[in-house]
Amino acid sequence: MDKVRAAAGDEQREYRVEELAEAAGITTRTLRFYRERKLLQPPRKEGRIAWYGETHLNRLRVIAELLERGHTLGGIAELIGAGESGQDVAELIGLEAAIIAPWSDETPVHLSWDELKAAFGDQLTEENTAESIAQGYITISEDGITHVSRRLMDATTALVDEGVPLSVVLEASRRSQEHVDAIAEIFTAVVREQILGALAADSPLPPGEAARLTDQILRVRPLARTVTDAQFALAMDRRVHAEYDELLRQRLERDEEEEAGAQGD
């Protein structure tokens, strides 16, 4: 009997475990692990021999593709379970992609140590470097650093050129990061509670619901950024005007004190 053969009554090929693993490009240990996690359908048994078919091979290819896209095995198991319960897996994958898609479009930038020295001079200290690492902005290599955002790096360099010490820029960055994390949590809660509440239910999503939620999330994402940007600009208007009014008040008081002093003389 051939190890890879046609099943009785049809033209579908069948594989022993070793042949299936080889066809899928994985090890037999990985294949057995998938079976234990119930990611793979049970094989057809013939005595002590387990026979796998094209449906098993297709499932393994789907698992490999989802892993390559960044899905976890737990998430893949949920998708497979949803598909077996009649939900549209493609729609669910699209919904997950919309939920976890990056909000930022920042481009990393690499700078050599010579370039950093030219940009920051004696402000390129161990303390400032450690603070940048702690904030998650840079990684260190032998020939320099890689910053997660060219825009932030350019802004930092420009502020230092304007006379703002690098340590002050990093402190402002650290403090603002705490606030933007809080803002992000607010909008995350809105999406979680007002849009994705149905995902917490035990019952499957109705037909077409995953696609509808995907479209809604894609519409809400830019709205959240617009609200945040507008609120930041309005807040800056309020604070700048308040600071300027306070500066004028202090100047007026000083002028009045100087005038009173001159009259006293």
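The values are calculated or read from the model by the stated rules, or taken from the named source; none is laboratory data. For clarity, every value in this text was computed on a predicted model and none was experimentally measured. Positions of Cβ are backbone-derived with ideal geometry, glycine not excepted, and every protein chain shown enters the neighbour counts. Ligands, DNA and RNA are excluded from the accessible area calculation, which covers all protein heavy atoms including side chains. Shrake-Rupley method; radii C 1.70, N 1.55, O 1.52, S 1.80 Å.
Some observations on this one:
- Which listed residue is within 30 Å of THR125 (Cα to Cα), open to solvent by 50 Å² or more (accessible area, probe 1.4 Å) and among the polar types (S, T, N, Q), from THR188, THR139: THR139
- When residues in the stretch 96-117 are screened for being exposed (fewer than 14 other Cβ atoms within 10 Å of the Cβ), modelled with pLDDT under 95 and of a type in the set (Gly, Ala, Ser), 2 of them pass.
- Of the candidates THR226, THR214, the single residue that is modelled with pLDDT of 80 or more and either surrounded by 13 or more Cβ atoms within 10 Å (Cβ to Cβ) or closer than 30 Å to LEU79 by Cα (or both) is THR214.
- Residues of the stretch 138-153 satisfying the condition of being without any contact (Cβ under 8 Å) to a residue 24 or more places away in the chain and either within 19 Å of ASP105 (Cα to Cα) or part of a helix (DSSP H, G or I) (or both): ILE138, THR139
- Selection status of ASP181, surrounded by fewer than 11 Cβ atoms within 10 Å (Cβ to Cβ), within 18 Å of the chain's Cα centre (by Cα) and of a type outside the set (Ser, Thr, Tyr): yes
- Selection of the stretch 122-133 for residues being out of contact with any strand residue (DSSP E or B) (no Cβ under 9 Å at 6 or more places or on another chain) and either open to solvent by less than 80 Å² (accessible area, probe 1.4 Å) or basic (Lys, Arg) (or both) yields GLN123, LEU124, THR125, ASN128, ALA130, GLU131.
- Test: residue in the stretch 57-69 that is closer than 28 Å to VAL220 by Cα, open to solvent by less than 80 Å² (accessible area, probe 1.4 Å) and either among the acidic types (Asp, Glu) or without any contact (Cβ under 8 Å) to a residue 40 or more places away in the chain (or both): yes
- One residue from GLU78, GLU115, GLU126, GLU131 being closer than 30 Å to GLU18 by Cα and of a type in the set (Asp, Glu): GLU78
- Here is the figure for the stretch 153-177: residues that are closer than 18 Å to MET236 by Cβ, surrounded by 15 or more Cβ atoms within 10 Å (Cβ to Cβ) and either modelled with pLDDT under 95 or of a type in the set (Val, Ile, Thr) (or both) total 1.
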